[in-house]
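Every number here is computed from the coordinates shown, using simple stated rules; none is lab data. These numbers were taken from a predicted model, which means no experiment stands behind them. Positions of Cβ are generated from backbone atoms using ideal geometry, with glycine treated the same way; all protein chains shown enter the neighbour counts.
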Amino acid sequence: MARIFFLTLPLLIFFTDSLGLANPYGFSATAFKLSLESSYFNTKANYDPNGNSVNLINGNQVTEMRFNLSGSYDFTDRIGAFANVIFNNENAVSSGVNRMNGGFAQGTAGVGALVYTGFVNIVPEASLVVPFSPAPDLTTTNALLGDGAFVGTGKINLTRSFKYFGLWGYAGYSYLSNGLSSYIPFGFKIHGAWSSFFADIGLHGISSLSTDQNGSNYFVRQLITNFVDGGSLIYNATNPSWLDLDFDLGARVFRNYQISAGVEPTLSGQNAPQGTRFLVTLSYNSWPLHSRNTNDSSSDTDQGFRVDTDSEDIQTKPAK
């Protein structure tokens, strides 16, 4: 029976980046996962181009409720695909006027493959974000749901598993349409699991390559942002960069389900919003979730996050 590893990924983005692989530690043939994530984010300040925190004027603020439905399917023990659709509800306060907007913001589809196993596992992935909301322009009157841009991303995931925890890091390149800046997405996370409980802590962000077509003259971009988003740079920012801390706690319930709650405060940025995101995620896995097998006495580097076989409700792994 192939060993498989699992990591619940909270939402890794403020902007239109790919969620990334739902299962970066490995794959298991014919296994699939579904998850529903809800999050709340409020911002009353931006990071300016020099990285300083600047409050929005006139008591302006942006509040976002986001719902993300995602799924993944493993075709073999080495190849898998993932997809998601995001629904946003935005409330932007501009000089005392509330501008509200709700709807599907974007969808993502991608594939990944385990190409090397050894001291570290190497899992490259490729994904495409398709916008459902239009690109903002001077006719925009509602709060923005997104940048309205296509985003093509390539990433390399590096993972390493131990007896009680796993390490995961990634870096890549994202190209955006509509003349928006391309950027480098990156992140690192530690995932720990014991019995039915798990915890994650890590950093993630993007580094702009400063290729935005309005990089030297973003007057039109500012007009749109100030009018519909209260001056917040949550969307449609020029050459944004940011770094977030993410932390979540979760538990396995009913063998094939898990629930988690997380928090993601911004640590630094440029041309980006400052605030904290709160998340709750419910997931279902066709193959039982993974926990530390306390009866295993093998070496730390050889056994980790094994399938729990202690329950009387043992399931048979689907045939390849």
Checklist entry - Given H placed 1.01 Å from N in the peptide plane, which residues other than close sequence neighbours of G231 have an amide H under 5 Å from its amide H? => result N226
Next on the checklist: So, R0 is 41 Å and r is the distance between the beta-carbons of L69 and D48; what FRET efficiency does that work out to, to 0.05?
Outcome noted: 0.75
Item to check | For segment 61-120, fraction of C-alpha pairs farther apart than 18 Å, in % | outcome: 56 percent
Item to check | Rounded FRET efficiency, nearest 0.05, which uses the C-beta distance separating F186 from T30 and R0 of 22 Å | outcome: 0.10
Checklist entry - What percentage of all Cα-Cα pairs in segment 74-159 are separated by more than 17 Å? => result 60 percent
Checklist outcome for this item: Evaluated at 37 °C and 0.692 mPa s, the Stokes-Einstein D of segment 129-181 based on the Kirkwood radius over Cα pairs, in µm²/s, stands at 235 µm²/s
Checklist outcome for this item: In this structure, the FRET efficiency calculated for Q222 and L128 from their beta-carbon separation, with R0 = 30 Å, to the nearest 0.05, is 0.55
Item to check | segment 46-91 - percent relative contact order, Cα under 8 Å, separation 6 or more | outcome: 34 percent
Item to check | Compactness relative to 2.2 N^0.38 Å, alpha carbon Rg of segment 144-291 | outcome: 1.24
Next on the checklist: With 22 Å as the cut-off, how large is the P(r) tail for segment 28-134, expressed as percent of Cα-Cα pairs?
Outcome noted: 54 percent
Next on the checklist: On a full-extension model of 0.36 nm per residue, what is the gain between V111 and S210, subtracting their alpha-carbon distance, rounded to one decimal in nm?
Outcome noted: 32.9 nm
Next on the checklist: How large is log10 of I(q)/I(0) for segment 157-198 at q = 0.16, 0.21 Å⁻¹ when the intensity is taken from the Debye formula with one equal scatterer per alpha-carbon?
Outcome noted: -0.56, -0.71
Item to check | Cα centroid separation - segment 55-77 against segment 244-281, whole Å | outcome: 10 Å
Item to check | Highest average packing first - 35-46, 89-100, Cβ atoms within 10 Å | outcome: 35-46, 89-100
Item to check | Reciprocal mean inverse distance between Cα atoms of segment 103-146 - Kirkwood radius, Å | outcome: 13.4 Å
Checklist entry - Per the Kirkwood treatment, what hydrodynamic radius in Å, one decimal, follows for segment 54-199 from the mean inverse distance over all distinct Cα pairs? => result 18.0 Å
Checklist entry - Full extension from S195 to Y164: what is 0.36 nm times the residue separation minus their Cα-Cα distance, to one decimal in nm? => result 10.2 nm
